[in-house]
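Down below is the structure, laid out as structure tokens.
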Amino acid sequence: MSKEKELIRRLIKDYEQIGKMGRPIAEENGTLTVSYGLSLIQILDLDERNQVLSTNVWATYVSINYGADTRLEERRDALIVVEHDGSVVWIPQAIFKSSCPIDIKKFPFDVQTCKMKFGSWTYDGSKLDLQLLYETTSGFEFSDYIKSNEWDIVSSSAVRTVMIYTCCPEPYVDLTFTLKIRRQAAFYNYILILPCILLSSVTMVLFWLPPESPAKMQLGMNIFVAFFVLLLLLAESTPPAASSIPLIGAYYCLNMIMITLSTFFSAVVVNLYFHGARSVLPDSIRKIMTQYVARIFCMHDQVVDPQTKHQTESKHGIVLNNRDKVHSELPHDTTGYFEMQTDDPCKGLLNGNVSVSKMEQNNQDTSTPANETNRINSQLEKDVKEIKSFMKTVMDKTAKKEATEKIAREWKFVSLILDRLFFFMYLLITVVSFLTIFDFALFAEN
């Protein structure tokens, strides 16, 4: 038998006789010093929805305090190396799953900080003293590290902490290992960022379409559905119980709100165009939109102002009153003849200017019986009344139609102003959002 096997047999025999539950110390009140370190092999996964970090490391036998693994035993079997001076080296391979709070505000250009805290639940600091093994390499050893396809390690650190809890007066020692990791956003740039840029460009075109066009409403609803699909994809990649929402998700929602408002006002304008005016534009809204907001955007006012409308109505009123007055003062003579005071008989009839002298001159060489003269006279008066009634009806319908069209034009003009306002608001929000997002991207890269 070799000397090595004989020594191992004696050591094992002594452990079996003496016992291996106690601390391997020479004195009863002595302190056992354990140098603890982590050699990171790989970041297996960071489950954002459940906020769990999985790491593959080489570690010694000290339990993790905030573990999230469903298994009780996280280590694999490994042999122990015992030195001649009594020191023991144990390097087991372990997969740790630790809780990691996720901050998704800057998603997908986010940087996460995950901590793993190790300590003894059995012995306090006077009996078991934990020390950092790799103090010069920020607590971790990366010689065997396999680079992750999803996360890059920004920095790492390890801190030794002595805590005194309310339950026990003795100090307890723990080691906290911190990993700061940055997400590789190349995948999300193609499924979240690039479609967002394209849809934002199409949304800008939406605000320049005429509000009465049905294509505007169809395009608006299609863009709304597209942003909603992107929002669903974003929801699948983020934890539902997060303390904050991603800025890109807020940008999606803001796009949907702007599109909804624009589509709503377009529906109002279409309803006014095809179903007539339901209500008059309030004076306060007309004043604010046409006198202030329209001037800011240098938009030409296509709506007739109230002063012009008053002058037009006054002019029509004067014409009607004059016609009624002239017709009521139509002179008649004993012979029953009358004449038009104009060269155009039709124009004279429309204006209602009738006189007797011209008719006498035209009919002075014609001899007509008295009953025939009265019949012609009565027929002409009847025709003039019918023409006058017809013209009044036509003018009333025309005035009503013009009033309805004017109200529709007012609502359309307000919708155009709002579209222009939404366009500049959307342009400003888009520029600020992209500058913020790309600023986060540059910050993450640096």
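The values are calculated or read from the model by the stated rules, or taken from the named source; none is laboratory data. Please read these numbers as outputs of a predicted model, since none were measured by experiment. Note: ideal-geometry Cβ built from the backbone for every residue, glycine included; neighbour counts use all protein chains shown.
A compact table of results
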read-out	value
The lone exception for residue 331 - which of (1) more than 17 Å from residue 403 (Cβ to Cβ); (2) modelled with pLDDT under 80; (3) in a helix (DSSP H, G or I) it fails	(3)
Filtered residues of the stretch 205-219 (kept if surrounded by fewer than 13 Cβ atoms within 10 Å (Cβ to Cβ) and in contact (Cβ under 8 Å) with a residue 24 or more places away in the chain)	208, 214
Single condition residue 121 does not satisfy, out of (1) surrounded by 13 or more Cβ atoms within 10 Å (Cβ to Cβ); (2) of a type in the set (A, V, I, L, M, F, W, C); (3) in a loop (DSSP other than H, G, I, E, B)	(1)
Residue check, residue 397 over 60 Å from the mean Cα position of the chain (by Cα) and either in a helix (DSSP H, G or I) or modelled with pLDDT of 80 or more (or both)	no
Pairs with Cβ under 6 Å, 6+ apart, first in the stretch 419-435 and closer than 12 Å to residue 297 by Cα, second at pLDDT below 80 and loosely packed, with under 14 Cβ neighbours inside 10 Å	420/297
Criterion (at pLDDT 70 or above and not assigned by TED's automatic domain parsing to the domain that holds residue 157) met by exactly one of 39, 87, 2	2
Residue in the stretch 146-168 that is at positive phi, outside the structural domain of residue 421 (by TED's automatic domain parsing) and at pLDDT below 90 present	no
Yes/no for residue 186 being of a type in the set (A, V, I, L, M) and surrounded by 15 or more Cβ atoms within 10 Å (Cβ to Cβ)	no
